[in-house]
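Asker: Right, I'll just put the structure down here and ask away after.
The values are calculated or read from the model by the stated rules, or taken from the named source; none is laboratory data. This structure is a prediction, so every number in the text was calculated from the model and none was measured. As a convention, Cβ positions derive from the backbone with ideal geometry for all residues, glycine included, and neighbour counts pool all protein chains shown. Ligands, DNA and RNA are excluded from the accessible area calculation, which covers all protein heavy atoms including side chains. Shrake-Rupley method; radii C 1.70, N 1.55, O 1.52, S 1.80 Å.
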Amino acid sequence: MTLATAADYGWIHSPSSMFAFGMEFGYSLTLVRGVSPSELFRIVGAEPQGVCEGLGELIHEQQEFLGGYDTWPDSFLAGAFTVQGEGGDWTLVLEFGGGLDMRTDIMEAISAETCAVSHSSNGGKPMDFFHWYEQGELRTTFEWPADRTGSTPDALNPLMLAVGLDPSGEGEPEVDVKTAVLALTERLTGVRVTQELLAEAEYHVGEMPEEPAEEWENNTTDGAPAH
């Protein structure tokens with residue numbers, strides 16, 4: 001387990017950081033252990049859209065995608081790549097303006113035999129979420145540290161305290177909550193997300209449906225992805 005702290009993620013608030021786009025526009029970042037990008041896209045019914053070299057290109061593709069619609073589309077683009085973490089390979093999925101982490105059915109499917117950790121923001125509105133799944137089960141989720149739900153809402157309390165998040169909600173937080181959530185994610189996954197990692201990664205891009213296709217529903221009727 002890493003000893004990440006909120007201070008390790010202060011870079012997300014830098015105006016020069018490409019992640020600032022996600023903080024303003026809205027983003028979802030999900031880490032899934034032992035599931036490749038191509039397998040993850042298959043599970044969620046995404047249509048592969050090639051590869052983007054770096055975060056700047058992914059953001060450009062996302063803006064071009066939205067520009068092709070007069071109204072908000074019923075699908076969204078996501079970029080995924082493999083990164084080393086606790087216990088081996090993890091797939092990092094990054095999307096802007098989508099909502100992979102808010103789709104409980106999909107999160108249960110991609111974590112059915114493994115672990116998935118996700119955090120997100122809807123941009124200008126002050127809504128930020130954290131989700132931890134194990135073996136298809138939502139273990140802990142919260143918007144505010146003191147308002148946790150899930151099957152084991154208190155299981156992460158020691159880790160939350162270690163990164164500066166107070167599960168009791170007493171008093172003002174001593175750290176920036178968003179940076180502390182990224183540190184919490186690293187402690188759970190072993191994946192250090194850096195500005196350089198996101199900026200330089202080769203993203204496999206998929207167009208993800210907002211609602212699952214009939215084929216996806218048929219493949220997950222037993223609560224686990226088909227193999």
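Asker: Among all residue pairs at least 6 apart or on different chains, which show Cβ distances below 8 Å where the first residue, located in the stretch 145-169, is modelled with pLDDT under 95 and the second is in a strand (DSSP E or B)?
Answerer: Pairs found: Pro167/Arg148.
Asker: Restricting to the stretch 178-200, count the residues that are in a loop (DSSP other than H, G, I, E, B) and among the aliphatic types (A, V, I, L, M). Don't jump to the end; show me each part of the working.
Answerer: We begin by selecting, within the stretch 178-200, every residue in a loop (DSSP other than H, G, I, E, B); these are 190-194.
Add one more test, that the residue is among the aliphatic types (A, V, I, L, M), and what stays is 191, 193.
Matching residues across the stretch 178-200 total 2.
Asker: Let me ask something else about it. Say whether the condition of being over 22 Å from Ala4 (Cβ atoms) and open to solvent by 60 Å² or more (accessible area, probe 1.4 Å) is met by at least one residue in the stretch 86-102. Even if it seems obvious, please write down each step before you answer.
Answerer: Residues of the stretch 86-102 that are over 22 Å from Ala4 (Cβ atoms), as a first pass: 95-100, 102.
From the residues that got through so far, the ones that are open to solvent by 60 Å² or more (accessible area, probe 1.4 Å) too are 102.
Checked against the condition, which is being over 22 Å from Ala4 (Cβ atoms) and open to solvent by 60 Å² or more (accessible area, probe 1.4 Å), the stretch 86-102 yields at least one hit.
Asker: Which numbered condition in (1) in contact (Cβ under 8 Å) with a residue 40 or more places away in the chain; (2) out of contact with any strand residue (DSSP E or B) (no Cβ under 6 Å at 6 or more places or on another chain) is the only one that Thr104 fails?
Answerer: (1)
Asker: Would you call Val51 more than 14 Å from Leu198 (Cβ to Cβ) and over 14 Å from the mean Cα position of the chain (by Cα)? Please lay out each step first, then the result.
Answerer: Numbers: more than 14 Å from Leu198 (Cβ to Cβ): yes; over 14 Å from the mean Cα position of the chain (by Cα): yes.
Judged against the criteria, Val51 is a match.
Asker: Also, I was wondering about something else. All but one of (1) more than 30 Å from Pro158 (Cα to Cα); (2) in contact with a Leu (Cβ under 9 Å, 6 or more places away or on another chain); (3) open to solvent by less than 10 Å² (accessible area, probe 1.4 Å) hold for Glu61, so report the exception by its number.
Answerer: (3)
Asker: What tally of residues in the stretch 125-177 results from selecting those that are open to solvent by 20 Å² or more (accessible area, probe 1.4 Å) and assigned to a helix (DSSP H, G or I)?
Answerer: 6
Asker: Right, something else. For the stretch 18-62, how many residues are closer than 13 Å to Glu207 by Cα and of a type in the set (S, T, N, Q)?
Answerer: Qualifying residue count, the stretch 18-62: 3.
Asker: Follow-up question, since we're still on this one. I need the full set of residues from the stretch 54-93 which are of a type in the set (Val, Ile, Thr) and more than 18 Å from the chain's Cα centre (by Cα), in order please.
Answerer: Step one: filter the stretch 54-93 for residues of a type in the set (Val, Ile, Thr), giving 59, 71, 82-83, 91, 93.
Residue satisfying the conditions is Thr71 alone.
Asker: May I pose another question? Can you pull out the residues in the stretch 1-38 that are in a helix (DSSP H, G or I), touching a residue at least 40 places away in the same chain (Cβ under 8 Å) and surrounded by fewer than 21 Cβ atoms within 10 Å (Cβ to Cβ)?
Answerer: Step one: of the stretch 1-38, the residues in a helix (DSSP H, G or I) are 6-13, 19-25, 37-38.
From the residues that got through so far, the ones that are touching a residue at least 40 places away in the same chain (Cβ under 8 Å) too are 6-13, 19, 21-25, 37-38.
Once the filter is applied, which keeps residues that are in a helix (DSSP H, G or I), touching a residue at least 40 places away in the same chain (Cβ under 8 Å) and surrounded by fewer than 21 Cβ atoms within 10 Å (Cβ to Cβ), the stretch 1-38 yields Ala7, Asp8, Gly10, Trp11, Ile12, His13, Phe21, Met23, Glu24, Phe25, Ser38.
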